Amino acid sequence: MLVHVAAVTVLVNIAIIELDSLYSPSPEKNSDMDFLSDESPLHRVFVYGTLKRGEPNHGLLKDTANGYAKFLGVGRTTVPYPLVIATRYNIPFLLKRPGTGNHVLGEIYDVNSDMLRRLDELEEHPKFYERTEEKVLLAPEAALKPGKTFEEVGESTKAWIYFLPRYKSSLLHGAMYASYTNNGSHGLKYCEKYVRDLSYDHRQEVQ
């Protein structure tokens, strides 16, 4: 009798385990949530220069060792800003002077806190660049067709932008761009950090 009861108990336990495996959702491999946790919320970032796809520093955003980053779409500032290329290293700068220059095109990403820290390191925030949250327009890339304006297809969102808050007034007298590419007709090729003269402080040229 005891053997019979034990056998029934074992069979019931096996059935419960099998049912649990059938109705419990299995974790998806390589899903976005693999990179996230409650301790690592998402931050929306607008990039306008060398961090964009196809530009010299985009590898930082692609490298999952730096954290999580997801491309959301094309972005555009809601007010004009001066986007300039300056210093002997041909660095793109967005000057914190709203109302001057152009509505600037860029890309918008959601990043986690680890990636945001890496971006802060690259941009030397807050000692050199300064990251502030601003309203921008976000549009799906596929929606930007000929004849469609950004206002028609875009939606308003807030995103962090890296600005140069302190700069020489002479930067306002040169060319200002609506969109940056390293391979633009300006002919000003960006000089990556690993080939720069480490003894030279390029910040003195703009501040």
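The residues packed around residue 133, meaning those with a beta-carbon under 12 Å from its beta-carbon, carry a net charge of +2 if Lys and Arg are +1 and Asp and Glu are -1.
At an R0 of 41 angstrom, the distance between the Cβ atoms of residue 196 and residue 148 translates into a FRET efficiency of 0.50.
A simple spin-label model places the labels of residue 122 and residue 65 1.5 nm from each other, with each point 7 Å out along Cα-to-Cβ.
Checking the table 62/189; 135/168; 62/168 against a 30 Å threshold on Cα-Cα, which pairs fail?
From 62/189; 135/168; 62/168, over 30 Å: 62/168.
Annotation: amide H-H contacts under 5 Å for residue 72 (H modelled 1.01 Å from N, sequence separation of 5 or more, or interchain): 108, 109, 110. Maximal additional length on extending the residue 132-residue 114 stretch stands at 4.7 nm, based on 0.36 nm per residue less the C-alpha distance.
Bear in mind these aren't lab numbers, they're just calculated from the coordinates by the rules spelled out. Computed from a predicted structure; not experimentally measured. Positions of Cβ are backbone-derived with ideal geometry, glycine not excepted, and every protein chain shown enters the neighbour counts.
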